[in-house]
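Each remark here refers to the structure printed beneath this line.
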Amino acid sequence: MEIKKIVLTGGPCAGKTTALSWIRDNIPKYGYKVLFVPETATELIGGGVTPWGCGTNIDYQRCQMELQMKKEELFERAGKTMDAEKLLIVCDRGMMDNKAYMAEEDFLQLCDEFGTTEEQFRNGYDAVFHLVTAANGAVEAYTNANNAARYESVEEAVALDDRLVAAWTGHPYLRIFDNSTGFEKKLEKLLTEILRFLGEPEPYSIEPSRS
C-alpha cells in the first residue's frame with residue numbers, strides 16, 4: 001500500500017473546511033482512499049476543554065498534543081488494514097501548529113515530555129499545505145461566526161497566520177496559498193498542488209464541493 005500523510009493548515013478563516021470538502025470530492029477520483037484526521041482544538045474546545053479553562057496554557061496544550069498524536073497514530077494503523085492500493089491521510093492541522101499557540105520554551109518542554117523533537121514532529125508529514133487567513137488579503141470575508149473555537153480579531157488572525165508559517169518553515173514540501181486570486185481559484189491551486197505532490201496528472205477541471 002502506498003501511504004501519504006499530509007497536513008492542511010492555515011490561519012483563522014482561511015477556507016480550510018471548504019478545502020477539506022474539495023479534497024473529499026476530488027482526490028478519490030485518482031484511486032485514493034482518503035482519511036481525514038479532525039482538528040483536535042475544535043473537538044476539545046467544543047467539548048469544554050479550553051486554553052482559558054485549564055490551569056495554564058501549557059496544561060491545555062499538553063492535552064491537545066497528546067490527543068492529536070494518538071489520533072494520527074490510530075488513523076495510520078486503521079488505514080493500513082484497509083483494502084486500498086493508495087491511501088492519503090489528511091490531517092486538519094498537524095503537530096507543529098501547536099507551536100504557534102505557545103511560547104517556544106513551552107513547546108520544546110512538551111517535545112521533551114513526549115520524547116521527540118521539533119524536527120521529528122515537523123518531518124512526520126510528507127507535505128504541508130497552508131491557506132492564508134482571509135484577514136490578510138480578503139479582510140471583507142473574515143468572520144468568527146462560522147467556528148465556535150475561533151475568537152481572533154483581524155490583527156490577531158494575521159499575526160497567528162505568520163506564526164503558523166514560521167512553525168512549519170523548514171519542511172521540505174511546504175506550499176502556501178494566499179488570497180490574491182479569489183477564493184475558488186485559491187482552492188483550485190491547492191487541489192492542483194496536492195495532485196502534483198501525489199504524482200497524479202493535473203485536472204482539466206476541479207469539481208467544487210457539494211457541501
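Computed from the coordinates by the stated procedures, all read-outs in this text should not be read as laboratory data. Keep in mind that what you see is a predicted model, and the values were worked out from it rather than measured. No Cβ is skipped: glycine too gets one built from the backbone with ideal geometry, and neighbour counts run over all protein chains shown.
Brief remarks on what is shown
- The chain: C-alpha gyration tensor shape, a/c 1.5 cut-off, then a/b vs b/c: oblate
- Phi angles of region 60-71 translate, via the Karplus equation with coefficients 6.51, -1.76, 1.60 and θ = phi - 60°, into HN-Hα couplings of 5, 4, 4, 4, 5, 5, 5, 5, 4, 4, 5, 5 Hz per residue; Gly and Pro are given as x.
- Cut-off under 5 Å, modelled amide H: who pairs with Thr133 long-range: Gly11
- Pairs from the table (Lys33/Lys186; Lys86/Lys185; Lys16/Lys186; Lys80/Lys189) lying more than 19 angstrom apart at Cα are Lys33/Lys186; Lys86/Lys185; Lys80/Lys189.
- Here the simple spin-label model places points 7 Å from the Cα toward Cβ, and for Asn57 and Glu193 these points are separated by 2.7 nm.
- Ranked packing of 92-102, 109-119, 74-84, 21-31, most packed first, by mean Cβ within 10 Å: 92-102, 21-31, 109-119, 74-84
- Using θ = phi - 60° and Karplus 6.51 cos²θ - 1.76 cosθ + 1.60, couplings along region 32-47 (whole Hz; Gly, Pro as x): 9, 7, 10, 10, 10, 8, x, 5, 5, 4, 5, 5, 5, 5, x, x
- Each residue of region 126-132 was assigned a 3J(HN,Hα) from its phi angle through the Karplus curve 6.51 cos²θ - 1.76 cosθ + 1.60 (θ = phi - 60°); the sequence is 7, 7, 10, 10, 10, 9, 6 Hz, with glycine and proline shown as x.
- Pairwise label distance in nanometres, Asp83 with Arg163, each label 7 Å out on the Cα-Cβ vector: 4.7
- A crude spin-label estimate for the pair Thr50 and Glu155, with each label 7 Å from Cα along the Cβ direction, gives 2.2 nm.
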